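Student: Pasting a structure here, questions to come.
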Amino acid sequence: ETGVTQTPRHLVMGMTNKKSLKCEQHLGHNAMYWYKQSAKKPLELMFVYNFKEQTENNSVPSRFSPECPNSSHLFLHLHTLQPEDSALYLCASSQETTGVAKNIQYFGAGTRLSVL
Amino acid sequence: GENVEQHPSTLSVQEGDSAVIKCTYSDSASNYFPWYKQELGKRPQLIIDIRSNVGEKKDQRIAVTLNKTAKHFSLHITETQPEDSAVYFCAARRTGANNLFFGTGTRLTVIP
C-alpha cells in the first residue's frame, strides 16, 4: 500500500445519478490530484490541489466537481455523467517543495466507474 | 504545453531478454522524468526516475537514459522476468509545476 486510499473501488451509475469519489492520503503530503485513465489514452490530469487550493483545472466539464476540505482528503462529485465518462479515476498525492523538480506522485488504486 | 510520446504501445519479449521503451518530449523546460509501472488492476507505481542533470541512472535490472538535446529518454529492462509484465508509463515535468505529462503507455509481456 502506498498510503493513498480510494473509495469505492467500483461504481456503476446511471446518467441521472449523483455520486462522489473519495480519496484519502496518510503520507502528510500537501498536494493532491485527480486523473482519468481511459483505454489507450495517456493518464489525463483533471484537477490539482496545493495546500487545499485548486491550482489546475484542465478543461474538465462541470459535471465533475472536485472538493478538497483539507490536505488529506479529496473528493470528486459526479452528476449527470455520460457513458464516455466511464474510466478508471485515479487519485495521487505528493509533497511539493519549492524549487525542487522531483516531487514523486503516489497513486491510489483507483475507482473503476461505469456510466450506464 | 508538454507533449510526451511513447513507443512501442505493445512489446513482447522472451524471458531473459532485454526490453527497451522510448519516450520523446516537446518542452525543453522539462527536467524530471519518472517511469511508472502499472500491473493489471493495480495502481501506477514509480519504478525509476531521472533528473535532467544526469544522463543515465540504474537500479538493478532497470536503467533509464536521457538525451536532453534530442529530448528523448528510454527505459531499459535487462534479464526480463514474467513479473515484469505490466503497462509502463513515462512522464515529464518542469520545475515549479505539479503537472506530470504522461505517455500513452507500453504493454510489456514477458513470455516464460
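Just so you know, all these numbers are worked out from the coordinates, no wet-lab data involved. If you're wondering where the values come from, they're calculated on a predicted model, not measured in any experiment. For neighbour counting, all protein chains shown are included, and Cβ atoms are generated from backbone atoms with ideal geometry for every residue, glycine included.
Student: Sort by residue number and report every cysteine in the protein assembly as shown with no other cysteine beta carbon within a distance under 4.7 Å.
Tutor: Cysteines lacking a close Cβ partner in the protein assembly as shown: A:68.
Student: Under 14 Å Cα-Cα from residue B:57, which aspartates and glutamates qualify once same-chain neighbours fewer than 8 residues away are excluded?
Tutor: Output for residue B:57: B:49.
Student: Give me the net charge of residue B:7's neighbourhood, meaning all other residues with Cβ under 15 Å from the Cβ of residue B:7; Lys, Arg count +1, Asp, Glu -1.
Tutor: Surrounding charge for residue B:7 is +3.
Student: On a 29 Å Cα-Cα criterion, which of the cross-link pairs A:19/A:41; A:36/B:22; A:52/B:68 come out too long?
Tutor: From the list (A:19/A:41; A:36/B:22; A:52/B:68), the Cα-Cα distance tops 29 Å for A:52/B:68.
Student: Using just the Cα positions, wrap chain B in a convex hull and report its mean projected area in square nanometres, one decimal place.
Tutor: 6.6 nm²
Student: Here's a follow-up. Please compute one quarter of the surface area of the Cα convex hull for the range A:12-116 and express it in square nanometres.
Tutor: 6.7 nm²
Student: How much of the calculated P(r) for the range A:10-63 lies past 19 Å, in percent of all Cα pairs?
Tutor: Roughly 43 percent, once rounded to a whole number.
Student: Counting other beta carbons within 10 Å of each Cβ, put A:15, A:46, A:32 in order, fewest first.
Tutor: A:15, A:46, A:32
Student: Compute, for the protein assembly as shown, the length of the dipole vector about the Cα centre, with Cβ point charges of +1 (Lys, Arg) and -1 (Asp, Glu) only. Units Debye, rounded to 20.
Tutor: Roughly 280 debye, rounded to the nearest 20.
Student: First select every other residue whose beta carbon is under 13 angstrom from the beta carbon of residue A:13; then total the charges, Lys and Arg +1, Asp and Glu -1.
Tutor: Result for the local shell: +3.
Student: As an exercise, use a Förster radius of 22 Å and the Cβ-Cβ distance of residue A:63 and residue A:10 to find the FRET efficiency, rounded to the nearest 0.05.
Tutor: Using R0 = 22 Å, I get an efficiency of 0.65.
Student: Also: Hey, fewest Cβ within 10 Å first, where do B:43, B:107, A:9 land in order?
Tutor: A:9, B:107, B:43
Student: Next question, about the same structure. Label-point separation (nm) for residue A:20 and residue A:82, each offset 7 Å from Cα along Cα-to-Cβ?
Tutor: 2.6 nm
Student: Give me A:77, B:72, A:29 sorted ascending by neighbouring Cβ count inside 10 Å, so fewest comes first.
Tutor: A:77, B:72, A:29
Student: Considering the protein assembly as shown, what Rg and Dmax in Å follow from its alpha-carbon atoms?
Tutor: 17.6, 52
Student: Sticking with this structure for a sec: Between the range A:1-59 and the range B:22-48, what is the separation of their alpha carbon centroids in Å?
Tutor: The range A:1-59 and the range B:22-48 have Cα centres separated by 18 Å.
Student: What does the structure give for B:33-43 when I average, per residue, the other chain Cβ atoms found within 10 Å of the residue Cβ?
Tutor: The per-residue average across the peptide is 3.
Student: Summing +1 for each Lys or Arg and -1 for each Asp or Glu, what net charge is found among the other residues whose Cβ lies under 13 Å from the Cβ of residue B:83?
Tutor: -1
Student: A further question follows. Work from the charge dipole of the range B:1-57 (Cβ charges, +1 for Lys and Arg, -1 for Asp and Glu, about the Cα centre) and give the residue of B:40, B:55, B:13 farthest towards its positive end.
Tutor: The listed residue farthest towards the positive side: B:40.
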